[in-house]
Amino acid sequence: MSGWEEKVRTVVPYVPGEQPAVTKGLIKLNTNELPYPPSSRVMEAITGLPGESLRLYPDIMEEPLLSRLAERYGVSKDEIFIGVGSDDVLAMAFLTFFHSDRPVLFPDITYSFYDVWAELYRIPYETVPLLPDFRIEPSDYFRENGGIVLANPNAPTSLSTEPSGIEDVLKANPDSVVIVDEAYVDFGGETVLPLVPKYENLLVVQTFSKSRALAGMRIGFAIGNKKLIGYLNDVKFSVNSYTMNRTAVAAGAAALSDEEYFKKTVNKVIETRERAKEILPGMGFRVLDSKTNFLFVSHEHIVAADIYRALREKQIYVRHFAKPRIDNYLRISVGTDEEMQALYAALHEITG
Ligand SMILES: *Cc1c(COP(=O)(O)O)cnc(C)c1O
């Protein structure tokens, strides 16, 4: 190894789901995007941007997105932090709030970016095993730690934890920041936002990537006590003041202005998901009780890796994690009804 290489901050990066070129016939159920386009108001807002405005740096307060978020979630503007997708928000939150010698805690099976940020920032951490049925046991988090991160609903398990369980974790941990990653909460989970006024150490993180069909626009946000948000902004402004570009701010604000479309598309996904929960067991699948826009399933006879490969040959992409405890499961994003019909037909052939 060369001398300079010894000084490099090395890290094993997160591996996102594949983004194959959009080709006809390919069914993409591998990264939990919404199968429907965003509200038409989003494209109107983007194309309506005066080209001249791009000459100028964007507004550091991300208006009008900030005001719309404050209105929508009933909080004040200084209780909101906006970032380039919730991955950016979470990365900033790890950097800001996890700065002690004690280990940050998160489940052994959860969003696989958490341990990557911990490694990148040299934050000590310990994973806490989920219960055998993949649920989170709140009392497992009643011990000394440097911070806590819980995805609710959790990914890739798709299961949700009751807000009362999260509150138990908050009550037991007044001296740590507790981050609740609610990337999927709009699909039937229950948000802990009502707990924000009660716990100044709670940071709730959400995203426009899933329920608002804007994964390509990169918009995420966090809501928490204004002291917490202040610390987060200090770190953000010490890295890059202008994270949100003008197009994303306009698109995000426009998406929030169309609540009717939001509800319609989210409800459609929920309906399709509930139908899948009835259909898949008929083909020998065990399906966890998803409160998200994806299904976490395993088959009674055929190993997941084989189903994954067979689906891929049929141009249907799902996600398989070759990790302990979950290597016999597949994560399947909920698509349109047509896409799901094609999935069922393919699975029928594969499972015989
Ligand atoms: C998708 C996802 C995110 C990140 O989404 P962004 O596109 O960066 O907003 C964060 N947490 C979980 C659990 C996710 O599944």
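Every number in this text was worked out from the coordinates using simple rules, so none of it is lab data. All of these numbers come straight from a predicted model, not from anything done at the bench. Quick reminder, even Gly has a Cβ in these numbers, built from the backbone with ideal geometry, and neighbours come from all protein chains shown.
The table that follows gives values for the structure above.
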| read-out | value |
| --- | --- |
| Listed peptides 229-236, 200-207 by packing density, highest first (mean Cβ within 10 Å) | 200-207, 229-236 |
| Whole-Å distance, taken between Cα centres, linking segment 96-145 and segment 195-228 | 19 |
| Net +/- balance of residues flanking residue 269 in space, Cβ distance below 14 Å, scoring K and R +1, D and E -1 | +2 |
| Loop GluC sites (Glu not before Pro), segment 112-162 (other Cβ atoms within 10 Å of the site Cβ: 12 or fewer; DSSP) | 144 |
| Fully extended contour minus Cα-Cα distance, from residue 135 to residue 54, at 0.36 nm per residue | 24.5 nm |
| Shape box of segment 48-101 [Cα atoms, principal axes, largest first, Å] | 49, 28, 15 |
| Residue 313-residue 344 pseudo-label distance in nm [points 7 Å out on the Cα-to-Cβ vector] | 2.4 |
| Pair residue 70, residue 7: separation of 7 Å Cα→Cβ label points (nm) | 4.5 |
| Packing-based order for 212-221, 273-282, 4-13, 334-343, using average beta carbon neighbours within 10 Å, highest first | 212-221, 334-343, 273-282, 4-13 |
| Unsatisfied cross-links (Cα-Cα over 20 Å) in the set 210/323; 210/263; 210/291; 171/210 | 210/323; 171/210 |
| Relative packing of 108-115, 322-329, which averages over residues the other C-beta atoms within 10 Å, highest first | 108-115, 322-329 |
| Stretch gain in nm, segment residue 289-residue 263, where the contour uses 0.36 nm per residue and the Cα spacing is subtracted | 7.3 nm |
| Compactness of segment 261-352, expressed as Rg and Dmax over alpha-carbon positions, Å | 12.8, 41 |
